[in-house]
Each structure stands twice: as structure tokens, then as C-alpha cells.
Amino acid sequence: MRVVTTVSGIVISLFWFCAPAQAHGVHVFGYLEAGQIKGEGYFSRGVKAKSAVVELFDAAGKLVGSTKTDAQGRFALKLPPGVVAPLKLVLKAGPGHQGEYKLSAQDLGQAPATAAAPAAPGASPAAGTAAMDPRRLEQVVSRVLDRKLAPINRRLVELGLKQGVSLQDVMAGLGYILGLFGIAAWVASRRRRR
């Protein structure tokens, strides 16, 4: 009985006096907007990664840019000219806490342009419209979509983080504590038999 009391006292002390850890997982995401790679860094449960280093690496693993997150965990990094996808964002939020995010050619608007269907013989642009180069049109549409979708991307990440403590987390914690008590009781019963 004395062992059970001692073990339970230690376990309760550990839970009582230990500060909760905020960084079991570090996450980062990014997107291209107006020639900049913008994004956010955050820990599990949505805690923002403040003043964390964000590094940008090219496909060869060469560092091509670096910045820090602000108080809201956000960052903006100018896309270096001539850099070709895929790129990798690395968020460093202290020893042992690192998150990565890959940016594809499509994310950066570098996806190969699809060939436009050939115009029918004798066809001309509709009256009152100007012909536009398909690549230029794709660039314009891409910039507009990036600008319009950026707040939606940010909101989707925020919604995914506001889960809080789930019933599964609570049940797992209770199971862990009961397991520790079970081990303590088993050790105590083995000592009584001797």
C-alpha cells in the first residue's frame, strides 16, 4: 500500500507542477502572393510560432532566403528571381522543433503552360474583345486568385487548429493514469507475496 501511495504521489506531483508543453508539433505552410511567399507557423493546438526562423531552400537544398515570424506567427519572404520549384520552407522554433512545407511548381505558378487549342481556320476574336496571350492571361488570373484565396487559406488553417482537447485525448490521459496505478498495485502485490 505504501508503494501505491508513493507512486500515485509522484504521478500527481508530476502532473501538478509540470508546465504544459506547447510544442509537440510544429507546422508551417506557405503560398505565393504578389511575388512573396507568405505563410504562418504554429505549434499543436494553434499556438503561434512567434519570432521563429523561416528558411527557404531550393530543389538542390541550397538556402535561398530567410526571415522570422511576427507576433502572429506570420511571415513574408520575397521569392528570389530565377528560383525554380520545388521549394521547401523550414520553420525552426527552437531545439528539436522544426516544421517543413513543400511548395510545388503549381503553388508557385511555374506549372508548364498548357497548349491552347488551335484556332479554327478563319476564326477571329469576337467583336469587341482583344486577343490576349494565353500565358499572360494565366499569370493575371493566377495573381488575382492568389490574392483572393490567401485569406481563405489562412482561415482554413485556423479552423483546423481550433479543435482543443478532444474526448479521445481525455480518455487516453485517464487510461495512462489508470495504467500507472495498475503497475503500482502489481508491484505492491508482488512485494507482499515475498
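The values are calculated or read from the model by the stated rules, or taken from the named source; none is laboratory data. All figures in this text were calculated on a predicted structure; none of them were measured in a lab. Cβ coordinates were reconstructed from backbone atoms using ideal geometry, including for glycine residues, and neighbour counts include every protein chain displayed.
Looking only at the stretch 143-180, filter to residues that are among the polar types (S, T, N, Q) and at pLDDT below 75; which one of those is surrounded by the fewest Cβ atoms within 10 Å (Cβ to Cβ)?
Initially, the stretch 143-180 is screened for residues among the polar types (S, T, N, Q), giving 153, 163, 166, 168.
Those left that are additionally at pLDDT below 75: 153, 163, 166.
Working: N153: 17, Q163: 11, S166: 9.
By that ranking, first place goes to S166.
Hey, among the residues in the stretch 69-88 that are in a strand (DSSP E or B) and in contact with a Ser or Thr (Cβ under 8 Å, 6 or more places away or on another chain), which one's surrounded by the most Cβ atoms within 10 Å (Cβ to Cβ)? I'd like the intermediate steps shown before the answer.
The initial filter retains those residues of the stretch 69-88 that are in a strand (DSSP E or B), namely 74-78, 87-88.
Restricting the remaining residues to those that are in contact with a Ser or Thr (Cβ under 8 Å, 6 or more places away or on another chain) gives 75-77.
Numbers: F75: 24, A76: 15, L77: 18.
The residue in question is F75.
Would you please name the residue that is surrounded by the fewest Cβ atoms within 10 Å (Cβ to Cβ), looking only at residues in the stretch 34-43 that are under 14 Å from L91 (Cα atoms) and of a type outside the set (A, V, I, L, M)? Talk me through it step by step, then tell me what you get.
From the stretch 34-43, those under 14 Å from L91 (Cα atoms) are 37-43; that's our starting set.
Checking which are of a type outside the set (A, V, I, L, M) leaves us with 38-43.
On the way: K38: 18, G39: 26, E40: 24, G41: 29, Y42: 28, F43: 21.
Across the stretch 34-43, the extreme among qualifying residues is K38.
Name the one entry in G41, G61, G109 that is in a loop (DSSP other than H, G, I, E, B) and either under 17 Å from the mean Cα position of the chain (by Cα) or at pLDDT below 85 (or both). Reasoning before the result, please.
Working: G41 fails: in a loop (DSSP other than H, G, I, E, B); G61 fails: either under 17 Å from the mean Cα position of the chain (by Cα) or at pLDDT below 85 (or both).
Only one candidate qualifies: G109.
Return yes when Q98 is in contact (Cβ under 8 Å) with a residue 24 or more places away in the chain, touching a strand residue (DSSP E or B) at 6+ places or on another chain (Cβ under 9 Å) and under 25 Å from L137 (Cβ atoms) and no when it is not. Explain how you work it out, then say what you get.
On the way: in contact (Cβ under 8 Å) with a residue 24 or more places away in the chain: yes; touching a strand residue (DSSP E or B) at 6+ places or on another chain (Cβ under 9 Å): yes; under 25 Å from L137 (Cβ atoms): no.
For Q98, the condition - in contact (Cβ under 8 Å) with a residue 24 or more places away in the chain, touching a strand residue (DSSP E or B) at 6+ places or on another chain (Cβ under 9 Å) and under 25 Å from L137 (Cβ atoms) - is not met.
Of the residues S66, S51, which is assigned to a strand (DSSP E or B), modelled with pLDDT of 90 or more and surrounded by fewer than 17 Cβ atoms within 10 Å (Cβ to Cβ)? Give the steps one after another, and end with the answer.
Numbers: S51 fails: assigned to a strand (DSSP E or B).
Criteria check complete, one pass: S66.
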